[in-house]
Amino acid sequence: MVQLREEEVADNISDSSNDPTSPRPSDATSSWPFLLFSIAVALIAAGIYQISYKPGSYPISFFRGKRPHEAGGESDEYSDEIVYGSKKKLKDTYTGHVYTKTELSQHGPGSDNPWVAILGQVYDVSTGKKHYGVNGPYNFFTGKDGSRAFSTGDFSDEGLTDDLKGMSPEQIGEIYTWINTFQSKYPHIGRLQGPFFDAVGSPTAKWREIEEALIVMGEKEKVRRALYRQFPGCNSHYNGEEKRGEVWCTEKSGGVTRDWVGYPRQLHIPGEKLRCACVHEAELSDPKIREYENCDPSSVSCKFTVT
């Protein structure tokens, strides 16, 4: 594309052009319509490319306009659409050096400079040697990408793997939330060549599977938060020796400030643990709600025996 410097443009625009005695415009000036037409064609072509872009090197939902450079996979733009856990942690997803598994293995148990990889993201955990150093209780995570174990708790050689085959969106979401912990404590130094990123740091199809799982979890998280605002948690106290407990509601119980107190009820949500919720009187007929046994339904507190 032709680039004109500011002084060149100024030379071709003069008040004397309104003077009938002024000279005929130069050839450079008469080329403006063609230049503008060329710019318009280029912009239309770029727009068509964006619209017709097919999943290939980069997951399109992460980027708006600018994509990582082909050689290094670097970009300072990232999507805020994935809200599960934290938006901020996505900013380093495509930055930093691309390491091989051999390079990463040199920073494993016994190294004075331990590194940990999770979902292809590499962190220098040297400042956390009490956890990841030679005698640290979690040094088995160093020198490898043991993503699967962050959800399963299987710390065997077989369990410490980056193979996520068969894992649910909930499990992948659980692994991803660990990036929050590492991001807040340790320097992010790059990406790992493997199932999630290729040799130049571009995300692979496996990474896009993670993205899809996180989108699912993001939607579920929105529903869960909305449900918690509708049915805030109860205050509670348990006495293990006496095996007795008490739950009660206030205008701030469950961390949700409101202008009503509510009545303690058992909330049954398919796939989730039973919990105590403070229920507005208008919601008491909801089929997900159960009364506590031997508790006055009009009371704002209930005492019960823990079995």
### Query
Going by the structure shown, is Glu212 open to solvent by 60 Å² or more (accessible area, probe 1.4 Å) and out of contact with any Phe, Trp or Tyr (no Cβ under 8 Å at 6 or more places or on another chain)?
yes
### Query
Within the group Gly254, Gly245, which residue is touching a Pro at 6+ places or on another chain (Cβ under 7 Å) and not hydroxyl-bearing (Ser, Thr, Tyr)?
Gly254
### Task
Among residues belonging to the stretch 172-204 that are out of contact with any Phe, Trp or Tyr (no Cβ under 9 Å at 6 or more places or on another chain) and without any contact (Cβ under 8 Å) to a residue 24 or more places away in the chain, point out the one that is surrounded by the most Cβ atoms within 10 Å (Cβ to Cβ).
Asp198
### Query
When you go through Ala149, Ala117 one by one, which is the residue that is out of contact with any Lys or Arg (no Cβ under 8 Å at 6 or more places or on another chain) and of a type in the set (Gly, Ala, Ser)?
Ala149
### Task
Could you please let me know if Ser147 is closer than 17 Å to Gly159 by Cα, at pLDDT 95 or above, among the hydroxyl-bearing types (Ser, Thr, Tyr) and open to solvent by 40 Å² or more (accessible area, probe 1.4 Å)?
no
### Query
In the stretch 199-254, what residues are part of a loop (DSSP other than H, G, I, E, B) and of a type in the set (A, V, I, L, M, F, W, C)?
Ala199, Val200, Phe231, Cys234, Cys249
### Query
Looking only at helices (runs of 4 or more DSSP H) that fall completely inside the stretch 110-198, which ones have 2 or more residues that are within 22 Å of Ile210 (Cα to Cα) and touching a strand residue (DSSP E or B) at 6+ places or on another chain (Cβ under 7 Å)?
169-185
### Summary
By residue number, the members of the stretch 275-293 that are over 15 Å from Phe304 (Cα atoms) and open to solvent by 50 Å² or more (accessible area, probe 1.4 Å) are His280, Glu281, Ala282, Glu283, Leu284, Ser285, Pro287, Lys288
### Message
For the condition under 36 Å from the mean Cα position of the chain (by Cα) and farther than 26 Å from Lys220 by Cβ, what is the one hit in Tyr238, Tyr292?
### Response
Tyr238
### All positions within the stretch 255-279 that are touching a residue at least 24 places away in the same chain (Cβ under 8 Å) and either touching a Lys or Arg at 6+ places or on another chain (Cβ under 9 Å) or assigned to a loop (DSSP other than H, G, I, E, B) (or both)
Val256, Arg258, Val261, Gly262, Arg265, Gln266, Leu267, Ile269, Cys276, Ala277, Cys278, Val279
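The values are calculated or read from the model by the stated rules, or taken from the named source; none is laboratory data. Nothing here was measured: the structure is a model prediction, and the numbers come from that model. So basically every Cβ, Gly included, is an ideal-geometry build from the backbone, and we count neighbours across all protein chains shown. Heavy atoms of the whole protein, side chains included, go into the accessibility calculation; ligands, DNA and RNA do not. Shrake-Rupley method; radii C 1.70, N 1.55, O 1.52, S 1.80 Å.
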